[in-house]
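The values are calculated or read from the model by the stated rules, or taken from the named source; none is laboratory data. The structure displayed is predicted, hence computed values, not measured ones. Glycine gets a Cβ as well: all are built from the backbone with ideal geometry, and neighbour counts include every protein chain shown. Just so you know, the surface numbers come from the protein's heavy atoms only, side chains and all, with ligands and any DNA or RNA stripped out. Shrake-Rupley method; radii C 1.70, N 1.55, O 1.52, S 1.80 Å.
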Amino acid sequence: MDTVVRSLMRYTAPQEAWEAEVPVRGDVPALATLLAEGGALVLTGAGISTDSGIPDYRGPTSAARRHAPMTYEAFVGDPVARHRYWARSHVGWPQMAAARPNDGHRAVAALQRAGLVAGVITQNVDGLHQAAGARDVVELHGALDRVVCLGCRAAPSRAEVQRRLTALNPGFDARAVEINPDGDAELPDDELDRFAMTACPACGDGPLKPDVVFFGESVPRPRVDHCFALVERARSLVVLGSSLTVMSGLRFVHAAARRGLPIAVVTSGPSRADGVAGIRLTGALGEVLPAALDTLRLPDRA
């Protein structure tokens, strides 16, 4: 096994290790110098959206200690689990839809406008990079504002599905206890059973599924191949707000390391790329990225 890959796989970032000591290498000027060279591929995770009110899966804003996210196996194989997911998602969606880009998202868009970022891959499903003005964002895990029918493959918008759900559930006034990064709200059990689900607006059947990659589900191969192509064209890889605990994002760090690309990681808590990152910072992205823009003398807003 390649020694770089072995180094990357050594750390699995369990939740209980969140407070472990994180190596710090370099500083904001070093990050700015790397970005100034151009050709950076940016890979983002849930940590870039926490300042927009969306929690991450691990770390201080995480709900991971209290509940597990929906899995693909449970969603497609268990009608009760699927029904309960949609009840929770119906309650969680307004908060997700109301979220707005923060300074971290705006900084990534500003770097792209300046020609310093060659591509953006996000593990997030919130659409906030695009809302901030970033272009050609690869949504590795899909997007919550889209829905797909697993029966006829129709693709109604989430807004349309939400309208139907609201009409079917006029008295469903449950209040969320927690909201996950995928918009799946935590609700009391007694609220879930009285929820009515809508059929597919195209075929009248379904089932409907948010157009996101659930845990245990494979990212579509063409999307993965496109991301690998971005790594091949990049001059550096900059990871923002991700612990890289799941392989879907970590594999691109593997590829960048094998190519010998400079790697920078800015995230709170441990990361599975800590052993290979030449620049490793832990500050809040809403502060670090605007500071890098200031060093580069770039505006952080459109």
State yes or no: is residue 233 in contact with a helix residue (DSSP H, G or I) (Cβ under 8 Å, 6 or more places away or on another chain) and surrounded by fewer than 17 Cβ atoms within 10 Å (Cβ to Cβ)? no
Tabulated pairs, the stretch 102-114, first more than 15 Å from residue 35 (Cα to Cα), second among the polar types (S, T, N, Q), C-beta under 7 angstrom, 6+ apart or interchain: 102/52
Quick one: how many residues across the stretch 236-273 are closer than 22 Å to residue 39 by Cα, open to solvent by 30 Å² or more (accessible area, probe 1.4 Å) and of a type outside the set (Gly, Ala, Ser)? 4
One residue from 105, 129, 90 being modelled with pLDDT under 95 and of a type outside the set (D, E, K, R): 90
Of the conditions (1) in a helix (DSSP H, G or I); (2) within 20 Å of the chain's Cα centre (by Cα), residue 118 fails just one. Which one is it? (1)
The condition from (1) among the small types (Gly, Ala, Ser); (2) at pLDDT below 95; (3) over 22 Å from residue 232 (Cα atoms) that residue 110 misses is numbered (2)
